[in-house]
Ligand SMILES: [Ca+2]
Ligand SMILES: [Ca+2]
């Protein structure tokens with residue numbers, strides 16, 4: 001699973017929450033997000049490809065120890081002929097401003113058709129053949145599997161990618177997964193590398209004794225992927241756990257993210273308790289800090 005802890009901790013809370021008093025100081029909320037593309041599984045709609053192969057999903061599995069990564073691209077009519085190829089574009093440095101700037105900053109590129117495949121890399125000014133000693137491509141028209149080691153992908157640890165199809169000749173059509181921007185995959189997290197998350201709370205000023213306190217994630221920030229939409233992606237689902245001091249609060253409503261704050265301050269509630277929460281490993285690099293707005 002690809003889950004991300006968002007610990008809304010006092011040290012980074014905005015001033016409004018800092019002024020909210022001892023309850024805010026003692027409350028530690030952990031938010032677990034399941035982003036759009038959890039567990040390395042990425043979806044694309046069916047029926048949006050015209051006469052081209054229709055990509056409906058990509059599953060990515062990377063071994064962060066040996067570096068092999070496997071893309072399992074599912075759909076219909078995939079790579080079914082020389083006029084209906086399948087492409088996998090990889091922006092190996094998750095940077096749309098390096099590589100082929102006309103194509104999401106793609107640095108490596110697979111083209112697969114019925115007869116074989118081509119694997120290329122951007123050499124700074126043009127596409128050239130890439131070393132392929134670790135590449136294996138197998139499958140059929142409903143699933144194509146592309147396996148490659150990161151040693152032949154610029155030793156990437158996280159990358160953007162797009163799976164696409166293009167039919168030309170008698171049939172015509174095109175499909176891109178995703179429709180806008182690119183998917184992101186991190187070996188470390190077996191899914192997208194979430195940079196941060198925006199969180200809304202009610203009341204906006206922070207928890208108050210005797211009142212309900214609700215946490216809602218409003219948008220995920222992922223590495224830049226060249227998307228044109230300004231709307232932030234949202235998690236597919238999320239859940240919350242909360243402690244007030246040493247006391248666990250029972251959450252209700254969506255994701256269990258609505259908490260009834262007791263009227264009296266819990267004994268032993270202080271910031272140290274927050275830091276002693278199980279799993280609150282403050283050194284984890286991908287910890288996400290909720291931004292309370
Ligand atoms: Ca599709
Ligand atoms: Ca790039």
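Just so you know, all these numbers are worked out from the coordinates, no wet-lab data involved. Here the structure is a predicted model, which means the values were calculated and not measured. Using ideal geometry, Cβ is built from the backbone for each residue, glycine included, and neighbour counts are taken over all protein chains shown.
For this structure, a couple of remarks:
- The slack in the chain from residue 145 to residue 200, taken as 0.36 nm per residue of separation less the alpha-carbon distance, amounts to 15.8 nm.
- Sequence of 56, 218, 41, 248 once ranked by neighbouring C-beta atoms within 10 Å, starting from the fewest: 248, 218, 41, 56
- Over every Cα atom in segment 84-150, the radius of gyration and the widest Cα-Cα span, Dmax, amount to 12.2, 34 Å.
- Alpha carbon centroid spacing (whole Å) that separates segment 57-107 from segment 212-260: 30 Å
- Extension reserve of the residue 138-residue 231 stretch, reckoned as 0.36 nm per residue once the Cα distance is removed: 29.8 nm
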